[in-house]
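Take a look at the structure set out below.
The values are calculated or read from the model by the stated rules, or taken from the named source; none is laboratory data. Since the model is a prediction, treat every value here as computed from it, not as a measurement. When we count neighbours, we look across all protein chains shown, and the Cβ atoms used for this are built from the backbone with ideal geometry, even at glycine.
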Amino acid sequence: MAKGIVLVIIVAALGVVGCTKREPQHAVRGQEQDTLPPQPTGALVGKGDSQINAAASKLRPWVVLWQHAIPGFLPDSLYLMGTAPAFRGGHVQPLKNVYPPPAVNASAFLVFSARPPDGAYNLIFDRYQCIAEDGEELEIGGDPDSGPLLLDLRRGVSNQFETCGTPCGFDWGVWLSPTEFALGGWQDVGGTGPWKEGRLAIYSLTDSTSTTYLTRPIPPGTFAKYRATWEAWVASRYRALKPAKSHS
């Protein structure tokens, strides 16, 4: 974890809504030595996936985060899990209901967001995250649930197009073109843990589909290296955006 960053739990005395520290489920002592779980059932990407190859340069920051947990990790180390319909069955509502966000989520909406070049949308990686300053300390937390938002700024519509609970989370994203974005995160292997795997999905607005990729499974102790690096990335991004936030 970067120097000066301390993640703490805000106690209930601070109010009903707080930036509560969110932690992925951890294994009990001894579980980390359990038998290696099976590799993802999809095909290893290798050099032949045109979608990943085209996106590789913009995926570089996400790849670097995972290299701290998986040395030598590259986009062609991913497993292709398939393509499925997207944006259907999500929670669609007027933009004004969620944006601008409540004060407790305002910094997180800024840090955990990305816009395409034309500014037509705003992708919020996880609406349930929050970031708050406590003196020199930075608190990063959120609800146990995790859910990204696609904000259509021109039509005035919000779509929470994915939702998951404690077995998974969304924490990184980037626009690949005006109509395509990537959303990164993690999930428990088999939905139960304790091993984790990185997850990357590429969403297309043109045909309303998502293509999902997974990393190989990693034990909880190794996943903690990813989390520490991700927390340092969040702090760096927060501080870089803070001047713009304070004058908005």
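Brief remarks on what is shown
- Evaluating Thr215 against the criteria (1) more than 20 Å from Pro85 (Cα to Cα); (2) surrounded by fewer than 19 Cβ atoms within 10 Å (Cβ to Cβ); (3) hydroxyl-bearing (Ser, Thr, Tyr) leaves one unmet condition, (2).
- Test: Ser146 is in contact with a helix residue (DSSP H, G or I) (Cβ under 8 Å, 6 or more places away or on another chain), under 23 Å from Asn122 (Cα atoms) and of a type in the set (S, T, N, Q): no
- Qualifying positions in the stretch 43-83 - assigned to a strand (DSSP E or B) and either loosely packed, with under 12 Cβ neighbours inside 10 Å or in contact with a His (Cβ under 9 Å, 6 or more places away or on another chain) (or both): Gly82
- Counted residues, the stretch 114-138 - those being modelled with pLDDT of 95 or more, more than 14 Å from Cys19 (Cβ to Cβ) and in contact with a Gly (Cβ under 8 Å, 6 or more places away or on another chain): 3
- Boolean, Thr166 is under 27 Å from Arg115 (Cβ atoms), among the β-branched types (Val, Ile, Thr) and in contact (Cβ under 8 Å) with a residue 60 or more places away in the chain: no
- Test for Leu176: is it more than 15 Å from the chain's Cα centre (by Cα), closer than 20 Å to Val64 by Cβ and surrounded by fewer than 21 Cβ atoms within 10 Å (Cβ to Cβ): yes
- Applying the criterion of being free of Cβ contacts under 8 Å to residues at least 12 places away in the same chain and touching a Phe, Trp or Tyr at 6+ places or on another chain (Cβ under 9 Å) to the residues of the stretch 71-103, the residue that is nearest to Gln39 (Cα to Cα) is Gly89.
- Extreme residue, modelled with the lowest pLDDT, among residues of the stretch 95-113 that are among the hydroxyl-bearing types (Ser, Thr, Tyr) and more than 19 Å from Val174 (Cβ to Cβ): Ser107
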